[in-house]
1. For the chain, what number of Lys pairs, 8 or more residues apart or on separate chains, have alpha-carbon atoms under 12 Å from each other?
2. Determine, for each peptide in 120-128, 381-389, the mean count of other beta carbons within 10 angstrom over its residues, then list the peptides with the highest first.
3. Which of the peptides 320-328, 259-267, 243-251 is most tightly packed, and how do the rest follow, judged by the mean count of other Cβ atoms within 10 Å per residue?
4. Determine the relative contact order of segment 1-137: mean sequence separation of Cα pairs under 8 Å and six or more apart, normalised by residue count, in whole percent.
5. Step through the residues of segment 318-335 one at a time and calculate ³J(HN,Hα) from phi using the Karplus curve (6.51 cos²θ - 1.76 cosθ + 1.60, θ = phi - 60°), rounding each to whole Hz and writing x for Gly and Pro.
6. Relative contact order, percent, of the chain when contacts are C-alpha pairs under 8 Å separated by at least 6 residues?
7. Give the long-range amide H neighbours of A318: residues separated by 5 or more places, or on another chain, with amide H under 5 Å away, using H modelled in the peptide plane at 1.01 Å from N.
8. Taking every DSSP beta bridge that has both residues in the chain, what percent is antiparallel when rounded to the nearest 5?
Amino acid sequence: MDHSCAPVLEALAAYGRTGQTPFTPPGHKQGRGADPRVRAVLGDAVFAHDVLAISGLDDRTSSHHVLERAQELMADAVGAEHTFFSTCGSSLSVKAAMLAVARPHQKLLIGRDVHKSVVSGLILSGVRPVWVDPRWDPELHLAHPPSHAAFDEAFERHPDAEGALVTSPTPYGTCADLAGLAEVCHRRGKPLIVDEAWGAHLPFHPGLPTWAMDAGADVCVTSVHKMGSGLEQSSVFHLQGDRVDDKALKACADLLGTTSPSVLVYAALDGWRRQMVEHGRALYDDALARAEDVRARIDAIDGMRVHGRADFCGPGRAADLDTLQVIVDISPLGTTGYRAGDWLREHHRINLHLCDHRRISAQLTHADDDETTGVLLDALRDLADHADALRPAPAVDVPPPSELRLEQAELPRDAFFGDTERVPWDKAAGRVAAEMLTPYPPGIPAALPGERLTDHVLRYLRTGVEAGMVVPDAADPEVKHVKVAVEPEDG
């Protein structure tokens, strides 16, 4: 296929040259109605190219197949059989994949370290989760993707499960043994869904972890806005094989998606694919080399330890690591990642990817250069020099791995939509959660609807909030009160 073309971008440019006068949405009419103060910030080009997806890019019957051709090119670029664009992020894409594989009350094996979007999919669908425990590192207090053996054991206990879903890479860059997991699923004729939101770049360089389609996954969801050059909300999901019907997958995406997709998002996806096919190898040659240099320089700063494969990979840990995720343990500085992140934002105007009770992380991509990494290194050295000002940091009561796992007492959907009440956090132990309690980032729920709360998890959340943790989706973001299911009256 001719990857030098970009059908959506080219159609958009052609539309602009025709000088058409629209009497359709969007109502700003190519910027003429937009407030000049808005145009001064966003630019005239954004409005000029924000057109109706059907009549703007194609005719009423889509006879030019502009979007279809762009999706075919994307599939060819990464070796998938079918590709679908989404303008609602991977949160939509992963829900569509779940709906295409399992129906209400059917079982789906799911790694418990999933993003909150998967839990939202469970609430919407009524699918019954069978949770598969991640590989917990008790020293680093970190979760790596579950092993393929853990999924194998779960299938043995639940042979009626419709398939499996795993997150890889995690926000910490650690990866599952996807080939092993695909074999576990396919031996039973079951599909594997991979939430590879952090891995859109993986197909384009051999020095990166193996991407899901090459490992044999049936459906792979990627967030191009995370590690690629897409606009926010841009996502792509890929399909191969016949274990998941392509028409059913598209229908589920249509069920959840907007009827007014952004052509700007489509165009950026289209252009990113062309960029990666033509220049991706060279761009990631440079990005990976720069990442290794940055990692070494940060590791040389007193009080900072950059985690690498020796820490994260091996028996009982992850299968691989994306080194573009630079994870830095700052616990020797005597402060938390929450405080360090806030200090760097205030004093150096740096926004970090992830901050937890002992780590910070910087996400590098093909867009970084010597200037951006120089700013990062200078800021981290200054952080180390001013660590005294960040002490003492409030302690976060992180429980052992065995105490982080909660009993799934009800279906997530039943707990979420059932009768609820709010109770003080210190009275909530033993009650069934009716909301997600999700430290963010990375967006992995500590408790989700239907799980029975414990003192350990509640204390972790409360001490975390006191130390700077953000729990944005809770009814009470300070977690002083928790929404729980109303208990049935005796008799």
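1. Details: K95/K116; K95/K250; K107/K190; K427/K480; K427/K483.
The number of close lysine pairs in the chain is 5.
2. Working: 120-128: 21.6, 381-389: 15.1.
Result, highest mean first: 120-128, 381-389.
3. Working: 320-328: 23.0, 259-267: 19.0, 243-251: 15.3.
Ranking, from highest mean packing down: 320-328, 259-267, 243-251.
4. Working: 119 pairs, mean separation 25.4, N = 137.
Once divided by the residue count of segment 1-137, the mean separation gives 19 percent.
5. Values, residue by residue: 7, 7, 7, 9, 8, 6, 6, 8, 8, 9, 10, 7, 10, 4, x, 6, x, 9 Hz.
6. Numbers: 981 pairs, mean separation 68.3, N = 491.
Dividing the mean separation by the residue count of the chain yields 14 percent.
7. Answer set, sorted by chain and number: C313.
8. Numbers: 33 of 48 bridges.
The antiparallel proportion sits near 70 percent.
The values are calculated or read from the model by the stated rules, or taken from the named source; none is laboratory data. In this text the structure is predicted, and so the values were computed from the model without any measurement. Using ideal geometry, Cβ is built from the backbone for each residue, glycine included, and neighbour counts are taken over all protein chains shown. Quick note on the areas: whole protein, heavy atoms, side chains included, nothing else; ligands and nucleic acids left out. Shrake-Rupley method; radii C 1.70, N 1.55, O 1.52, S 1.80 Å.
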